[in-house]
1. Residues of the range 100-130 being among the acidic types (Asp, Glu) and exposed (fewer than 13 other Cβ atoms within 10 Å of the Cβ), which ones?
2. Of all residues in the range 105-130, how many are at negative phi, more than 12 Å from the chain's Cα centre (by Cα) and free of Cβ contacts under 8 Å to residues at least 40 places away in the same chain?
3. Report yes if Leu79 is without any contact (Cβ under 8 Å) to a residue 60 or more places away in the chain, touching an Asp or Glu at 6+ places or on another chain (Cβ under 6 Å) and either over 18 Å from Tyr12 (Cβ atoms) or hydrophobic (A, V, I, L, M, F, W, C) (or both), otherwise no.
4. How about the range 40-79: which of its residues are surrounded by fewer than 18 Cβ atoms within 10 Å (Cβ to Cβ), more than 14 Å from the chain's Cα centre (by Cα) and not hydrophobic (A, V, I, L, M, F, W, C)?
5. Can you pull out the residues in the range 85-114 that are closer than 23 Å to Glu48 by Cα and of a type in the set (Gly, Ala, Ser)?
6. Enumerate the pairs (first residue in the range 48-69 and within 27 Å of Lys100 (Cα to Cα); second residue anywhere and hydroxyl-bearing (Ser, Thr, Tyr) and buried (at least 18 other Cβ atoms within 10 Å of the Cβ)) with beta-carbon separation below 6 Å, excluding pairs fewer than 6 apart on the same chain, so at least 6 apart or on different chains.
7. Of the residues Arg58, Arg97, Arg76, which single one is assigned to a helix (DSSP H, G or I) and among the basic types (Lys, Arg)?
8. If you go through the range 101-124 one residue at a time, do you hit one that is of a type in the set (Val, Ile, Thr) and at pLDDT below 90?
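The values are calculated or read from the model by the stated rules, or taken from the named source; none is laboratory data. The structure displayed is predicted, hence computed values, not measured ones. Please note: Cβ atoms are built from the backbone with ideal geometry, for glycine as well, and neighbour counts cover all protein chains shown.
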Amino acid sequence: MNHISRRQLSRYAVERLLADHKISELSKELAAVLVGSNRNKEVDMLVEDIVRELEVRRQLVNAVVITVHPLTPLLRKQLNDALRKATAARHIELDERVDKSILGGLQVKTATRRWDSTARRKLTDLRKRF
């Protein structure tokens with residue numbers, strides 16, 4: 001039996017998703033491949049690979065946004081527009097999280113990129129300089 005890499009599986013999954021195949025059927029196919037090759041523990045990594053592939057193909061960006069305070073509607077729209085411009089993705093999803101430890105600013109993480117303009121990061125950079 002040929003071993004199918006996770007990357008190959010993720011590309012296959014994205015092709016099927018973009019061709020409008022049912023997610024339930026695709027999920028069963030992927031599960032069958034992973035279970036059949038005793039790779040059950042790779043499910044989370046496969047999902048990450050699929051998200052990465054969707055981002056590379058400019059279909060979907062799932063961005064984790066970390067701020068000290070919840071985003072206002074205006075800031076949410078501005079961030080969405082900036083991500084769309086930076087990535088050229090068709091769809092943007094924001095996963096908003098509040099974390100007081102960043103002190104201020106914001107951090108944005110996607111499958112392939114990371115922007116960090118937090119006060120904590122700036123203070124760390126200053127500390128490294130001195």
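1. Of the range 100-130, the ones among the acidic types (Asp, Glu) are 116, 125.
Matches in the range 100-130: Asp125 only.
2. Our first condition is that a residue be at negative phi; within the range 105-130, this holds for 106-130.
Of the ones still in play, those that are also more than 12 Å from the chain's Cα centre (by Cα) are 106-107, 115-130.
So of that shortlist, the ones also free of Cβ contacts under 8 Å to residues at least 40 places away in the same chain come out as 115-117, 119-130.
Summing the residues that are at negative phi, more than 12 Å from the chain's Cα centre (by Cα) and free of Cβ contacts under 8 Å to residues at least 40 places away in the same chain in the range 105-130 gives 15.
3. On the way: without any contact (Cβ under 8 Å) to a residue 60 or more places away in the chain: yes; touching an Asp or Glu at 6+ places or on another chain (Cβ under 6 Å): no; either over 18 Å from Tyr12 (Cβ atoms) or hydrophobic (A, V, I, L, M, F, W, C) (or both): yes.
No, not satisfied.
4. Asn40, Lys41, Glu42, His69, Pro70, Thr72, Pro73, Arg76, Lys77, Gln78
5. Ala86, Ala88, Ala89, Ala111
6. Sorted first by the residue in the range 48-69, then by its partner, the pairs are Val61/Thr87; Val61/Thr110; Ala63/Thr110.
7. Values: Arg58 fails: assigned to a helix (DSSP H, G or I); Arg97 fails: assigned to a helix (DSSP H, G or I).
Every option except Arg76 fails the conditions.
8. First, pick out the residues of the range 101-124 that are of a type in the set (Val, Ile, Thr): 102, 108, 110, 112, 118, 124.
Still in the list and also at pLDDT below 90: 124.
Scanning the range 101-124, I find at least one residue that is of a type in the set (Val, Ile, Thr) and at pLDDT below 90, so the answer is yes.
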